[in-house]
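Each value in this text was obtained by applying a stated rule to the coordinates, not by laboratory testing. These figures come from a predicted structure and were not determined experimentally. Cβ: placed from backbone, ideal geometry, glycine included. Neighbour counts: every protein chain shown.
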Amino acid sequence: MRIVHTFADETKLGAPKRSQDAGGAKVKLDTAMSEINRETIRAMRLSYGQAGLTEADLARDPIEQFKKWLSEASENIMVVEANAMVLSTITDGAPVGRSVLLKDVSSDGFTFFTNYLSRKADAIANNPKVSLVFPWYPMERQVIIIGTAEKVSTQESDDYFAARPWGSQIGATASAQSTELDSRETLEAKYAQLAEKYPEGSVVPRPEYWGGYLVRPVSIEFWQGRHSRLHDRLRYVRSDSQKTDWQVNRLNP
Ligand SMILES: Cc1cc2nc3c(=O)[nH]c(=O)nc-3n(C[C@H](O)[C@H](O)[C@H](O)COP(=O)(O)O)c2cc1C
């Protein structure tokens, strides 16, 4: 399928810029048809500059600043799944990243839900230090959070599990996430078996191997793309031993 992007208003926050000159090569936006080779990959570059980010723009509290950016991302039709974030953990000394969905944010931190027997859960049990990245490319923004993950209360997991659609409840129960599966049929048979046991409309109990994690942040960086790669990077870090206050530093791009 040929996808050609057209943008009515390229100056609006969220609208990508058209092709940039990359050493004489013009980047085509109908990328579905582009040949992929070193030259075409190298020519893929956009010039940033939809907005700037100054110290004066920032909320005093990084969680408030994050909520402002998440709200803007969620209203931007170019951003798919504004609450998707890349969670990185360490397994056997090697970093592993994967996407998860943010399901709550508060002054305590950032919450997501998953399987407590998964690879990421194993990693967190061994080393609770994690990072979260929100890649809001259409807005030329990213947020990088470093923090420590801990399980949320069983009550919070129960409440969120009960609020999920029935199919997701059955699916989460059926999946021994991250373990090897001999075939797709095995998984679908498990799903069908559980769907029969807990028909739609009945209460599906939360499996004890499924629940939430809260990531308590120690640093939160807000990145805004600027012209000539002179991006803005403003990072909040915990500034006192009580870990209640934040200090903001500007970083080289
Ligand atoms: C957009 C997106 C959102 C996802 N959200 C979640 C989620 O909230 N929880 C989850 O366990 N997996 C989620 N996944 C699947 C994970 O990326 C991953 O495949 C799974 O959690 C197993 O990871 P692990 O084997 O490293 O533990 C999502 C994937 C994508 C692409």
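Mind pulling the angle between the C-alpha long axis of helix 154-163 and the longest principal axis of the chain? Nearest 10 degrees, somewhere in 0 to 90.
So the inclination is approximately 80 degrees.
If every alpha-carbon in region 158-197 counts as one equal scatterer, what log10 I(q)/I(0) does Debye give at q = 0.31, 0.33, 0.34 1/Å?
The computed values of log10 I(q)/I(0) come out as -1.06, -1.12, -1.15.
Rounded to two decimals, what is the ratio between the C-alpha radius of gyration of region 175-243 and 2.2 N^0.38 Å?
Working: Rg = 22.7 Å, N = 69, 2.2 N^0.38 = 11.0 Å.
Against the compact-globule rule of thumb, the ratio is 2.06.
Applying the Karplus parametrisation 6.51 cos²θ - 1.76 cosθ + 1.60 with θ = phi - 60° to the phi angles of region 233-238, what ³J(HN,Hα) value in whole Hz is obtained for each residue in order, glycine and proline being reported as x?
The phi angles translate into 10, 10, 10, 8, 10, 4 Hz.
Using a 10 Å cut-off on Cβ atoms, rank the peptides 115-122, 53-60 from the highest mean neighbour count down.
115-122, 53-60
Report the per residue volume, in Å³, of the convex hull enclosing the C-alpha atoms of the chain.
Values: hull volume 48.1 nm³, N = 253.
Spelled out: Cα convex hull of the chain, divided by residues, is 190 Å³.
Please give, to one decimal in nm, the separation of the simple spin-label points placed at K67 and E208, each 7 Å out from Cα toward the Cβ.
3.6 nm
Any number yet on Rg/Rh for region 133-235, C-alpha, Kirkwood?
Working: Rg = 19.7 Å, Rh = 17.0 Å.
Using Cα coordinates only, the ratio equals 1.16.
Build a GNM of the chain with springs between Cα atoms under 10 Å: which of Q65, Q142, Q155 gets the top mean-square fluctuation?
Comparing Q65, Q142, Q155 in a Gaussian network model of the chain, the most mobile one is Q155.
Pop the C-beta distance of S239 and S178 into the FRET formula with R0 = 30 Å and round what comes out to the nearest 0.05. Don't jump to the answer; show the numbers that get you there.
Details: r = 37 Å, r/R0 = 1.24.
The calculated FRET efficiency here is 0.20.
Using a 10 angstrom cutoff on alpha carbons, build the Gaussian network for the chain and name the most mobile of G109, G225, G93.
Result for the chain, Cα springs under 10 Å: G93 fluctuates most.
Mind listing the phi-derived Karplus ³J(HN,Hα) values for region 133-142, rounded to whole Hz, using 6.51, -1.76 and 1.60 with θ = phi - 60°, and x for any glycine or proline?
10, 9, x, 9, 4, x, 9, 6, 9, 8
What angle, in degrees between 0 and 90 and rounded to the nearest 10, separates the Cα long axis of helix 62-75 from the longest principal axis of the Cα atoms of the chain?
Compared with the principal axis, the helix lies near 80 degrees.
Stretch E75-E188 to full length: gain in nm at 0.36 nm per residue minus the Cα-Cα span?
Values: separation 113, 0.36 × 113 = 40.68 nm, distance 3.55 nm.
Result: 37.1 nm gained on full extension.
Please work out how much length the chain gains when fully extended from Y137 to S99, using 0.36 nm per residue of separation minus the C-alpha to C-alpha distance, in nm with one decimal.
Numbers: separation 38, 0.36 × 38 = 13.68 nm, distance 1.50 nm.
Gain on extension, Y137 to S99, equals 12.2 nm.
Can you tell me the 0 to 90 degree angle between the C-alpha axis of helix 184-197 and the longest principal axis of the chain, rounded to 10?
Roughly 60 degrees, rounded to the nearest 10.
Modelled label-to-label distance, A162 and V218, 7 Å Cα→beta-carbon offset: nm?
Inter-label distance under the simple model: 3.6 nm.
Could you run the Karplus curve 6.51 cos²θ - 1.76 cosθ + 1.60 with θ = phi - 60° over region 216-231 and give me ³J(HN,Hα) per residue in whole Hz, x for Gly and Pro?
8, x, 10, 8, 9, 9, 10, 10, 10, x, 10, 5, 6, 6, 8, 5
Please give the contour-minus-distance gain from K197 to L46: 0.36 nm per residue of separation, less the Cα-Cα distance, rounded to one decimal in nm. Don't skip to the answer; put the middle values down first.
Numbers: separation 151, 0.36 × 151 = 54.36 nm, distance 5.23 nm.
So the extension gain works out to 49.1 nm.
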